[in-house]
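A.B. asks: Input: one structure, supplied below.
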Amino acid sequence: MKIAFYILWIISFSSLHSAEKSYPDGHGSQIILPYGDLSFADRVVSFDKKSSYQTKNHEVNRSLGVADRKSLSLTCGGVLVLAFDDNVLVDIDGNDLHVFERGHKVEKTFLSISTDGKIWIDIGEVEGGKAEVDISAFVNKNESFSFVRLTDLKSACKGPYAGADIDAVAAIGSQIKLSLSSAVLFDLNSYTLKSKAHKIIHDLLQKDDYKEMKLHIEGHTDSIGTKAYNQKLSLNRANAVRRYLLEHEGFSVERITTVGYGELKPLVPNSTKEQRAKNRRVELFFKR
């Protein structure tokens, strides 16, 4: 995989701009999302359809992006897993997540959340009449979650629109996530920032009021090498980005925290050279 690809991958994040925005909640009221369109789930990880139906609302992408009154019917007992790619779900004061469900019936789902799509935390029942969810009783303040799982609870199994009708899922409690490939930041096994990485990071941070936000930096590696070595390398890389931001971008020390996860949180299996490259990264999480 060529370096040019990584540069494009990083620069694509520079188009992100967060702005508070109000949306119809599907039940006659409005809901305010602090990061606007960025708040919505971006990707369908999987959809386990449990029954057949003939309507057009079997397209999984109907559950993605900004709520637009086009929904995915989960089917009776169906399971939908969604991912946030450019932001993460976090616990804030009050409600943290909103499920935009359409239709005349109040159809129940069971909500679970995950950091990695493997280990799940069960939150409980969600229904159309109570679509806002507070996750505070189930998580720690410093945790972030990229995956949401909705399981239909079979409260409406008859007819062509069986199951809950999911239009969109949005994080009210949210952090902006910027993912930087290690290939453009560092040489192999190094934690000294390349000179060209300075400009990439600088340009990336010009699109929003990032300096006024709290920042958490995570370092990640592939699985080559020992776990101890990878953990140390990932932390050193996270700290290298932190030092650059403090010395050259005007960030304040009290606003930044760092952690190195080594190989513990891969984006994809470390089974090929290309997949290992995706796992070597530094991620920046910004929160107002």
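None of the figures in this text is laboratory data; all of them are computed from the coordinates on show. Note that this is a predicted model, so its numbers are computed, not measured. Using ideal geometry, Cβ is built from the backbone for each residue, glycine included, and neighbour counts are taken over all protein chains shown.
A.B. asks: Could you work out, for the chain, what percent of all Cα-Cα pairs fall into each 5 Å distance bin, beginning at 0 Å and stopping at the bin that holds the largest distance?
C.D. replies: With a bin width of 5 Å, the distribution comes to 1, 6, 12, 16, 16, 15, 12, 10, 7, 4, 2, 0, 0.
A.B. asks: Summing +1 for each Lys or Arg and -1 for each Asp or Glu, what net charge is found among the other residues whose Cβ lies under 12 Å from the Cβ of Asn236? List each step's numbers first, then the result.
C.D. replies: Details: positive: Lys232, Arg237, Arg242, Arg243; negative: none.
Every neighbour counted, the sum reads +4.
A.B. asks: Right, something else. Go through segment 132-144 residue by residue and turn each phi into a ³J(HN,Hα) via Karplus (6.51, -1.76, 1.60, θ = phi - 60°); whole Hz please, and just put x for glycine and proline.
C.D. replies: 8, 10, 9, 9, 4, 6, 10, 9, 9, 4, 8, 8, 9
A.B. asks: Starting from one equal scatterer on each C-alpha and no solvent at all, send me the Debye-based log10 I(q)/I(0) for segment 228-288 at q = 0.13, 0.18, 0.19, 0.20 Å⁻¹, two decimals.
C.D. replies: Computed log10 I(q)/I(0) values: -0.41, -0.71, -0.76, -0.82.
A.B. asks: Multiply the residue gap between Tyr229 and Asp93 by 0.36 nm, knock off their C-alpha separation, and tell me the result in nm, one decimal place.
C.D. replies: 45.2 nm
A.B. asks: Can you tell me the Rg and the Dmax, both Å, for the Cα atoms in segment 35-172?
C.D. replies: My reading of the Cα-based Rg and Dmax gives 13.8, 44 Å.
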